[in-house]
1. Closer than 20 Å to A:Leu240 by Cβ and among the hydrophobic types (A, V, I, L, M, F, W, C): does that describe B:Met282?
2. Looking only at residues that are of a type in the set (Lys, Arg) and open to solvent by 60 Å² or more (accessible area, probe 1.4 Å) in segment A:311-354, which one is nearest to A:Ala118 (Cα to Cα)?
3. Does segment A:240-255 contain any residue that is touching a Phe, Trp or Tyr at 6+ places or on another chain (Cβ under 8 Å), crowded, with 24+ Cβ neighbours inside 10 Å, within 23 Å of B:Lys147 (Cα to Cα) and within 11 Å of chain B (Cβ to nearest Cβ)?
4. Given the criteria more than 20 Å from B:Phe40 (Cβ to Cβ), within 11 Å of chain A (Cβ to nearest Cβ) and among the polar types (S, T, N, Q), does B:Ser253 qualify?
5. For B:Ser94, work out the one condition from (1) more than 22 Å from the chain's Cα centre (by Cα); (2) within 14 Å of another protein chain (Cβ to nearest Cβ); (3) among the small types (Gly, Ala, Ser) it doesn't fulfil.
6. Does A:Pro302 satisfy the criteria of being closer than 30 Å to A:Pro142 by Cα and open to solvent by 10 Å² or more (accessible area, probe 1.4 Å)?
7. Restricting attention to segment A:267-296, and to residues there that are part of a strand (DSSP E or B) and under 14 Å from the mean Cα position of the chain (by Cα), which single residue is surrounded by the fewest Cβ atoms within 10 Å (Cβ to Cβ)?
Amino acid sequence: MSLKRLALAIGFVSLMAVIAVGCGGGTDTVTVTSGGGGEAAEGNGSEPAADESNSSGKTVKIVASVPPTDHGWLGAISKDAKAEAAKYDDVEFKLLEAADSDSQAQQIQQVIAEKPDALVVLPQDGEALTPAAQQAEAAGIPVVNIDRLFSAPDAATATILGDNYQIGSLAAEYITEQLNCKGKIAEIEGLAGISVTQERTEGFEDQLKKSCPGGGIEVVANQPGDFNPEKGLTVMENILTAQPEIDAVYTHDDDMAQGVVQAIRNSGREDEMFVTGVGGSQAAMEQIAEGGLYRATFLYNPNIAASAVTMARLIALGEGFSELVPPQVPRQIVVPAEAVTKENVAEYEQYAYN
Amino acid sequence: MSYAIALRKRFGALQFQEYALALVVIALFVAGAILKPDTFPTWDNVRNMLTQASIVGVLAVGMTFVIATSGIDLSVGSMVAAAGVFAGTMAEPSGGTFIFIVAAIAFAALLGAVNATAITFGRVVPFIATLAMLSIARGLALIFNDKLPVGLLNLNGGSFGDPSPFSLLWFGTGKIIGIPVSVWIFLGIVIAGWVVLNRTRYGRHVVAVGGNREAARIAGVPVRRVIFSVYVLSGLLAGIATVLLCARLGSASPVSGELYELDAIGAVVIGGTSLAGGRATMVGTFLGVLTFALIFSLMTQLDLSTEIQQVTKGAIVLGAVLLQRPEVRY
């Protein structure tokens, strides 16, 4: 009997393995150790490995910890980080994914024991991961924080992030200008309860008041779509049913906006309104170039991950940016947001992510 | 004689439960009609709610059979994602809608059969077997296309407008006599499920297995085969739900279907099917699915904030269950 069960258990495991390997094709390995310098990495606007770094002969070990990369923007974060690391001969790079805040904290604690030269962290939740980052700093491992801020100044040596508040205000500026301060707006937010969503909404609301001091713009619906196209679709369907008149839809994410666009098309109301996104995905850029329903997106470029790797490398080598006077990497870099519309989409398409 | 009385009593209780939930559905609809008189009690909105209910609705029909045997299937949401991405990668380069549909249903049924094998032959409790599948299927969904969604617009000539009959997108956006195709499929499956559950020997076997497994075995019910079949059925219906979802989105995403299992289980249980097995009602499941769809639609139309929505949804679900006559006294 127990033999039979053993056979069954082995059967299961091998079946799953066959499915996973057979159909998966190119499962990506998360460890990238840079090999020959000739490997062409995707160009992302940052300069290639400087040759002088090789002269020191020192190799630095950098570990990055990020949330699960199953969302377009997060997927691009890990791709860009790996591509950037592969450009340098002197960087040994490892990327780890964690399913939630708790496991990410544990992961970082394990990494501390490995004593890397620098740690790059995009926390699932900045607040929750602050203690883990502080432990790393205390153990002498410099931490570069991406996107979601830690809540204590001693948790990171350097920080790079986009400007979510500015994204909201740029979106408000664009929409109010298009509508001449007269019309009805629906807002499809991201995940409720995180700072990114909050800042994108605050920036939007503040700018609405500034741009149209006389009023005239009404936000008729404001619902979370959780950065998820499926949720974006159903929420937008209900809003379309409830609101006989909508002039513009401000969404917090390009991926999610695809579901919103679908809902509007299904209802046949694509001539009545336009949609804006955030991020700068390939699909969004294409639709903006085509013209029509999708009118604009506001860049929140995942290539900040590439910059973070560069910063981590310089910190580990004890250098600063050669263009800047101080011999250290700046404490905080805020990458400005930019509006991508039909007029300028051609120059930004090179930064689009999948 | 006493058996007849017991039967009538049980049947009566079941009917009351269904009526009670019907009252909740009507009350929610009336509330919507009062709060949003221009947009809520309209044909457009009813059609919209039924369309949104169709995906979880199809899953809930399968879940009714599973729960009737005192089992549970936690993996349906993940199976939807895995089947979608799998079928997408099979169909997208050169295949067609037909390949997509066959691949989605076959793959989900295969995963269901894996659940069934683990439960019947491996004697793993359903909760654990399907919890394992929840994780495995989600992982497979991410592996199949390297974590990226598969675009399916090519299956409809690259656009969304006016899908031709039996193209993939037609299942999501097409209509027959003004009613969306997905709603026809959902209603058809509910009716078929009702007939199988209430009017066939197989349906009686399912309920008997959930009621008292030993007694059912002695009475000659092929217990193992029945239990095996409900998990395959649940997988198969997850495949159909996959087709409806992907047809609506025009893409197959590895992160779709999250928490569908809880919506499906919730709809089945507030409908009156007993988690302990042995009692199942397809009408109740249908009303349970409608209750969730009404709550979601009403709350987004009223533009309530998320936190208020969560509290309200929980309160309505609890209220709906409390309204039904409690079966067990503590």
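The values are calculated or read from the model by the stated rules, or taken from the named source; none is laboratory data. Being a predicted model, the structure only gives us computed values, none of them experimental. Because the Cβ atoms are built from the backbone with ideal geometry, glycine has one as well, and the counts that use them run over all protein chains shown. Surface accessibility is based on the protein's heavy atoms, side chains included, excluding ligands, DNA and RNA. Shrake-Rupley method; radii C 1.70, N 1.55, O 1.52, S 1.80 Å.
1. So B:Met282 does not fit the description; no.
2. Out of the qualifying residues, it is A:Arg331.
3. There is at least one residue in segment A:240-255 that is touching a Phe, Trp or Tyr at 6+ places or on another chain (Cβ under 8 Å), crowded, with 24+ Cβ neighbours inside 10 Å, within 23 Å of B:Lys147 (Cα to Cα) and within 11 Å of chain B (Cβ to nearest Cβ).
4. So B:Ser253 passes the test.
5. Condition not satisfied by B:Ser94: (2).
6. Taking the combined requirement at face value, the residue does not satisfy it.
7. Applying the filter and picking the extreme gives A:Ser281.
Rundown of residues vs (1) in a helix (DSSP H, G or I); (2) open to solvent by less than 50 Å² (accessible area, probe 1.4 Å); (3) touching a Phe, Trp or Tyr at 6+ places or on another chain (Cβ under 9 Å); (4) at pLDDT 95 or above, yes/no style:
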site	(1), (2), (3), (4)
B:Lys9	yes, no, no, no
B:Phe16	yes, no, no, no
B:Ala22	yes, yes, no, no
B:Pro37	no, no, no, no
B:Thr51	yes, yes, yes, no
B:Gly71	no, yes, yes, yes
B:Ala83	yes, yes, yes, yes
B:Met90	yes, no, yes, no
B:Ser94	no, no, no, no
